[in-house]
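The block underneath contains the structure these notes are about, expressed in structure tokens.
The values are calculated or read from the model by the stated rules, or taken from the named source; none is laboratory data. Predicted model, so just to flag it, every value in this text is computed and none were measured. Cβ coordinates were reconstructed from backbone atoms using ideal geometry, including for glycine residues, and neighbour counts include every protein chain displayed.
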Amino acid sequence: MRIDLPNSTQFSKIFERALSRPIYSEVTGVVTDSREVQKGDLYIAIPGERVDGHSFLKNSFEAGAAAALVNRVNDDLKGEQILVNDPVKAIGEVSTAWRDQFDLPVIGITGSNGKTSTKELLKHILSAKFDIHATEGNFNTSIGLPLTLLQLTSFHGASILEMGANQPGDIEELCQIGKPTHGLITNIAPAHLEGFGTIEAVAKTKGAMFECLSKGVAFVNTADQRVMELPIKGDSIRFGLSPDCDYPADIHHEDDGTITLTIDSVEVPTNSVNLSFAKNVIACSAIARELGLAWEAIIDRITTFQPPKGRCEVKNNGSIIIIDDTYNANLESAIAAIDYLKAFSGNGQRIFVFGDMFELGDSSIDQHKAVGEKCNEAALSAVYTVGTETIATNGAILDVAYNEHFDNKDALVDTLKDNIQDGDKVLVKGSRGMQMETIVEALLAN
């Protein structure tokens, strides 16, 4: 990870104020990977169980690093080394001090899934009124979030911080760093159970978002019972599909299959058949209205939004429609993807290509079976599975005309190409580590 700093002089002042020690070199960027070092960077030497960033101090200085943040000094090296107990926590403290310079809405977004899609949609909508600062890529961790904050400037009118969690306490730590003024929990589902153990631990960890908002505003998804049950310390705005909330919404399907929403009596076309996207629209509309955007601006931005890469991207190779949902997968997003595929109108087969979902711990087999059971209900034409965990998915499929499991993607692609026809719709999904996008690429090249 690497960023350019917007103001090196101010960074030096904030650095000394936060850590009570000066940085003598002029620093123009911050980097955590020695392979990405550029001249003038501050290198964060991150100690790890498998790889210790201190092993690459020499490489970093040779590449032009101006200074390094370390938990032990190497006296054999020339270059400014700033000693701290924990380099990751230290850069977090610096970034919090940097964030404290600015009085602006900071919207924290977490949840079991849909974080990035919601963040990108909200960023697009709020851009109608504000210069937006937002998390880029995977900068949503205790390492990435501080780097994100260090790019905040006085030109920004609002900030959107995506916050990810892999273990208990992660969201509390990120909220202490980023100090959000507004918070959204998209949902709470059994994702990443390997790091949490139970869904209750997931809820407690995500719930730290609302706990930190004693002087802020929590946006509460009333369609998610676990979110509804979380304690709230500050103000709250409720949105969802029930009438007893601040932003009640109804869902309507147009003749072409696209979804139109009625949110607080305002008709909002989505131009999408994706139910997950429609739910994101409800959440983002509530936040945007509370930040002062007019409905006309919100609707305009919704209808011009393009989904991020690998998140229900609709592609066409000239004969078939390919829905690329390969960015990641858990049970809830897999079920939503099947509903999305089912909603496509027109003739042609509806084919689901599914790879393993990772980090599910002891519940992995049950959750993969649940995806197979969902396929039974969805009137799909065919299901192709690949990996080891999806053996359970394939075994649970009883009511699909054709289903087959593959040990490798090459064999799957060969069989799939032999069976697809003009007009078919093929949705491809799996966890990031499965690299299911290679199947999308193979189909597009066909």
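Scanning the stretch 327-345 for residues that are touching a Gly at 6+ places or on another chain (Cβ under 6 Å) and closer than 17 Å to N166 by Cβ yields Y327, A329.
E136 versus (1) modelled with pLDDT of 95 or more; (2) within 25 Å of A45 (Cβ to Cβ); (3) acidic (D, E): which is the lone unmet condition? It is condition (1) that E136 fails. Look at (1) in the same structural domain as G164 (by TED's automatic domain parsing); (2) buried (at least 18 other Cβ atoms within 10 Å of the Cβ); (3) in a strand (DSSP E or B) and you find that I251 fails only one, number (2).
E359 fulfils the conditions (1) closer than 20 Å to E162 by Cβ; (2) buried (at least 21 other Cβ atoms within 10 Å of the Cβ); (3) not assigned by TED's automatic domain parsing to the domain that holds S112 except for a single criterion, (2). Residues considered: K206, K233, K279, K215. Of these, the only one that is of a type in the set (K, R), assigned by TED's automatic domain parsing to the domain that holds I188 and closer than 26 Å to S345 by Cβ is K279.
Any chance the stretch 289-310 includes a residue that's in contact with a Gly (Cβ under 8 Å, 6 or more places away or on another chain) and farther than 19 Å from K115 by Cα? Please lay out each step first, then the result.
Step one: filter the stretch 289-310 for residues in contact with a Gly (Cβ under 8 Å, 6 or more places away or on another chain), giving none.
No, the stretch 289-310 contains no residue that is in contact with a Gly (Cβ under 8 Å, 6 or more places away or on another chain) and farther than 19 Å from K115 by Cα.
The set of residues in the stretch 145-200 being surrounded by 17 or more Cβ atoms within 10 Å (Cβ to Cβ) and aromatic (F, W, Y) consists of F196 alone.
Checking G137 against (1) on the phi > 0 side of the Ramachandran plot; (2) surrounded by 16 or more Cβ atoms within 10 Å (Cβ to Cβ), which single condition isn't satisfied? Condition (2) is where G137 drops out. Residues that are surrounded by 15 or more Cβ atoms within 10 Å (Cβ to Cβ) and farther than 26 Å from G346 by Cβ within the stretch 254-269 comprise I263, D264, V266, listed in sequence order. Suppose the filter is buried (at least 23 other Cβ atoms within 10 Å of the Cβ), at pLDDT 95 or above, of a type in the set (V, I, T) and under 15 Å from G108 (Cβ atoms); does V227 pass it? Spelling it out, V227 is indeed buried (at least 23 other Cβ atoms within 10 Å of the Cβ), at pLDDT 95 or above, of a type in the set (V, I, T) and under 15 Å from G108 (Cβ atoms).
Kindly establish whether I302 is in contact with a helix residue (DSSP H, G or I) (Cβ under 7 Å, 6 or more places away or on another chain), surrounded by 21 or more Cβ atoms within 10 Å (Cβ to Cβ) and β-branched (V, I, T). Yes; evaluated as a whole, the condition is true for this residue. Pairs meeting the criteria (first residue in the stretch 215-228 and free of Cβ contacts under 8 Å to residues at least 12 places away in the same chain, second residue of a type in the set (V, I, T), beta carbons under 8 Å, at least 6 apart or on different chains) are M228/V220; M228/T222. Yes or no: the stretch 78-86 includes at least one residue that is under 25 Å from D33 (Cα atoms) and at pLDDT below 95. Scanning the stretch 78-86 turns up at least one residue that is under 25 Å from D33 (Cα atoms) and at pLDDT below 95. Quick check on V413: is it in contact (Cβ under 8 Å) with a residue 60 or more places away in the chain and of a type in the set (A, V, I, L, M, F, W, C)? It is false that V413 is in contact (Cβ under 8 Å) with a residue 60 or more places away in the chain and of a type in the set (A, V, I, L, M, F, W, C). Listed by position, the helices (runs of 4 or more DSSP H) inside the stretch 268-379 whose residues that are in contact with a Ser or Thr (Cβ under 8 Å, 6 or more places away or on another chain) and modelled with pLDDT under 90 number at least 3 are 331-342. Among the candidates E120, E194, the residue that is closer than 30 Å to D362 by Cβ and either of a type in the set (D, E, K, R) or modelled with pLDDT of 95 or more (or both) is uniquely E194. Within the stretch 278-299, the residues that satisfy the criterion of being within 30 Å of V426 (Cβ to Cβ) and in contact with a helix residue (DSSP H, G or I) (Cβ under 9 Å, 6 or more places away or on another chain) are K279, N280, V281, A283, C284.
Filtering V37, V51, V30 for residues that are under 30 Å from I287 (Cβ atoms) and in the same structural domain as P6 (by TED's automatic domain parsing) leaves a single hit, V30.
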